[in-house]
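Report on one structure; see the data block that follows.
The values are calculated or read from the model by the stated rules, or taken from the named source; none is laboratory data. From a predicted model like this one, the values you see are computed outputs, not experimental measurements. Here the Cβ positions follow ideal geometry from the backbone for every residue, glycine too, while neighbour counts run over all protein chains shown.
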Amino acid sequence: MKLSDYIIDFLAGKGLYHNFLVSGGAVIHLVDSSSKHPKMQPICVQHEESGAAAADAYSRVTRNLGLMMTTSGPGATNIVTSVCNAYFDSIPVLYLTGQVSRFRLKQSKALRQRGFQETDIVSMFEGITKYTKLIIDPITIRYELEKAIFLATEGRPGPVVLDIPDDLQREEIDPNQLKPYIAEPTPSKLPLEKIYALTQMIQKAKKPVLILGAGVRCAKAENEVMNFAKLWKMPILVTWGGADLLSQNDELYMGRLGACGQRAANFAVQNSDLVIAMGTRLSQMITGGKQNLFAPSAKKVMIDIDEAEIKKFDINSIQLDLTIISDLKTFLELYLTNNKKEYSDIFYFWREKIRTWIHKYPITTPEDYLLKDKVNPYIFIKELSKFASEGAIIIGDTGANLSWTMQAFEVKSNQRIFSAWNHTPMGYSLPASIGAALATSREVICLIGDGGLMMCLQELATVRRHKLPIKIFIFNNQGHGIQKQTIDTWLKSHYVAVDYKSGLYFPDYEKLAESFDLPYFCIKNHENLNILNTLALQEGPFVCNIEIEANQKIVPMLKYGSRLEDLDPKLPPEELDTIKKECEELDTVSISLV
């Protein structure tokens with residue numbers, strides 16, 4: 001059979017039924033084979049970066065691989081940003097890039113280019129993938145496909161790239177002659193003393209917190225993590241990447257921490273005496289820029305499959321007291337098997353203290369509703385979260401609009417809320433929504449800034465072409481809000497390239513929606529928010545323009561150099577002192593273990 005036919009049939013056999021692509025001369029055989037396979041649907045996007053982002057989101061939603069293919073040269077180089085997204089967020093995606101025919105490949109790195117649109121893909125992608133391979137011999141195609149998929153999904157997941165020359169795609173092969181890839185088993189070392197040590201640390205603690213991040217989903221350990229938390233009734237703090245692991249109403253949920261976190265969550269971690277991190281690499285967006293100020297009085301435990309993430313800390317950052325290098329699901333299964341006791345609710349008073357902070361320091365206040373001429377984004381997000389259905393998929397973009405969303409959105413059961421957390425490019429959420437909409441029949445809500453939309457607005461054509469039921473909400477503040485806030489802090493509000501006056505231009509969104517034959521709505525002020533009742537029932541696709549107050553800032557937000565509990569706008573020092581003293585009083589509370 002033709003080699004390109006073999007590839008597509010192989011991938012369809014792995015449950016990959018959507019193929020995001022931009023066609024080109026060096027990939028036409030793969031595209032042709034994809035179009036002819038009864039189980040594979042080619043999805044023609046308008047830009048390679050968008051196709052790669054859609055495949056990324058497809059993987060996040062299906063928990064299977066995502067698939068994207070593109071041609072050589074500029075087609076392949078255009079996916080770099082989205083490959084970074086998948087790599088830094090540990091998302092398994094298979095990217096197939098066409099390459100010039102083998103006889104046109106350069107034989108020396110000293111030569112810049114031999115074949116037209118030839119690019120050294122392996123050198124370019126090997127630093128941002130788990131595996132990248134230029135395939136030369138057709139007899140190795142099964143081996144390379146199986147190896148790539150294995151590496152993409154085993155251990156800490158991530159993207160892989162196979163670079164396939166044009167002439168190789170049209171080779172005739174005998175599938176029975178292809179050799180398989182046989183992975184060597186990885187021995188698991190989980191000493192029981194680590195389990196006992198963790199239990200002892202919990203038993204000695206008065207104010208522990210369990211921090212959960214996106215890695216919990218990567219490890220498919222959601223049930224095990226929640227069983228661990230319920231075993232101890234331990235307060236749970238989540239990173240943005242872990243925000244959808246449990247609902248806002250869960251008795252153990254205590255908020256989202258971080259540089260743009262919620263005050264109560266930050267108070268909790270900064271006054272804790274034990275921090276257990278699962279599924280999070282404890283980045284500076286979680287701990288604050290000066291990591292030596294993070295949870296200063298707490299013992300710190302980190303469980304991570306990637307040893308490099310644990311070893312990255314030095315004497316000037318975070319000192320870990322217990323490290324467990326393991327797949328999270330495997331470790332917790334062993335932990336729960338060896339710890340079947342029932343404990344009394346020893347952290348009840350600690351949880352109640354955090355809960356008082358949640359009520360005292362809300363993200364929105366009644367005063368926020370008083371804005372007359374524009375929309376407060378925090379109010380919009382809070383109202384939107386009321387109408388989003390259980391099971392909805394909410395995809396955020398980046399910058400201020402993502403911060404407002406993650407600070408104010410109230411997650412319900414079975415909802416997903418995600419973005420490209422670590423690389424965080426403008427223009428991710430619209431193509432990601434396309435991938436999510438094709439992967440599932442669930443409600444998909446796309447939240448994007450006016451700046452981000454300008455990076456990907458051509459994908460409105462993809463939405464329209466496939467009539468995808470995506471609800472697109474544009475945060476229209478006529479500029480790049482988070483950059484303006486940074487310039488306010490460091491450059492005395494000397495704006496450059498952040499709004500119309502300083503160099504940008506934005507279209508009329510009603511005319512834009514009309515040009516793509518998409519229904520258009522507009523929310524100009526808080527009185528218009530009642531339209532969300534109607535939009536909640538409308539399947540989409542549609543575009544809704546939200547007229548955001550142009551000078552709205554992210555509040556609260558950490559300024560570099562400050563402790564995580566000392567967010568801007570700053571609270572009076574005596575208020576922080578009172579919180580600290582109240583926490584110290586909890587150390588005298590004693591509840592016996594059963």
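Being at pLDDT 95 or above, among the hydrophobic types (A, V, I, L, M, F, W, C) and either closer than 30 Å to Asn338 by Cα or over 28 Å from the mean Cα position of the chain (by Cα) (or both) is the filter here, so list the residues in the stretch 147-194 that pass it. Within the stretch 147-194, Ile164, Leu168, Ile173, Leu178, Ile182 qualify.
Condition first: surrounded by fewer than 16 Cβ atoms within 10 Å (Cβ to Cβ) and touching a Ser or Thr at 6+ places or on another chain (Cβ under 7 Å). Now tell me which residues in the stretch 308-337 satisfy that. Hit for the stretch 308-337 is Thr330, nothing else. If you go through the stretch 469-497 and keep only what is surrounded by fewer than 20 Cβ atoms within 10 Å (Cβ to Cβ) and assigned to a loop (DSSP other than H, G, I, E, B), you end up with Pro469, Gln478, Leu491, Lys492, Ser493, His494, Tyr495, Val496, Ala497.
Evaluation of Gly396 against the conditions (1) touching a residue at least 60 places away in the same chain (Cβ under 8 Å); (2) buried (at least 22 other Cβ atoms within 10 Å of the Cβ); (3) out of contact with any Gly (no Cβ under 6 Å at 6 or more places or on another chain); (4) of a type outside the set (A, V, I, L, M, F, W, C) shows that the sole unmet condition is (1). Scoring Arg351 on the criteria (1) in contact with a helix residue (DSSP H, G or I) (Cβ under 8 Å, 6 or more places away or on another chain); (2) touching a residue at least 40 places away in the same chain (Cβ under 8 Å); (3) in a helix (DSSP H, G or I); (4) within 28 Å of Asn223 (Cα to Cα) leaves a single failure, condition (1). When Lys147, Lys230, Lys194, Lys220 are checked against the criterion of being surrounded by fewer than 21 Cβ atoms within 10 Å (Cβ to Cβ), of a type outside the set (Val, Ile, Thr) and not in a helix (DSSP H, G or I), Lys220 stands alone in meeting it.
Inspect the stretch 560-569 for any residue being surrounded by 13 or more Cβ atoms within 10 Å (Cβ to Cβ), without any contact (Cβ under 8 Å) to a residue 24 or more places away in the chain and in a loop (DSSP other than H, G, I, E, B) and give the result as yes or no.
Pass one, the stretch 560-569, residues surrounded by 13 or more Cβ atoms within 10 Å (Cβ to Cβ): 562-568.
Going one step further and asking which of them are without any contact (Cβ under 8 Å) to a residue 24 or more places away in the chain, we end up with 566, 568.
From what is left, the residues that are in a loop (DSSP other than H, G, I, E, B) are 566.
Looking for residues that are surrounded by 13 or more Cβ atoms within 10 Å (Cβ to Cβ), without any contact (Cβ under 8 Å) to a residue 24 or more places away in the chain and in a loop (DSSP other than H, G, I, E, B), one finds at least one in the stretch 560-569, hence yes.
Can you say whether Glu171 is touching a Pro at 6+ places or on another chain (Cβ under 8 Å) and either surrounded by 19 or more Cβ atoms within 10 Å (Cβ to Cβ) or not aliphatic (A, V, I, L, M) (or both), as far as the supplied structure shows? Yes: the conditions hold for Glu171.
Scanning the stretch 321-348 for residues that are in contact with a strand residue (DSSP E or B) (Cβ under 8 Å, 6 or more places away or on another chain) and assigned to a loop (DSSP other than H, G, I, E, B) returns Asp321, Ser326, Phe347.
What is the residue count in the stretch 256-275 for residues that are within 16 Å of Ile554 (Cβ to Cβ) and not basic (Lys, Arg)? Before the answer, list the steps.
Restricting attention to the stretch 256-275, the residues satisfying the condition of being within 16 Å of Ile554 (Cβ to Cβ) are 256-263, 265-266.
This time we only want the ones that are not basic (Lys, Arg), so: 257-262, 265-266.
Of the residues in that region, 8 qualify.
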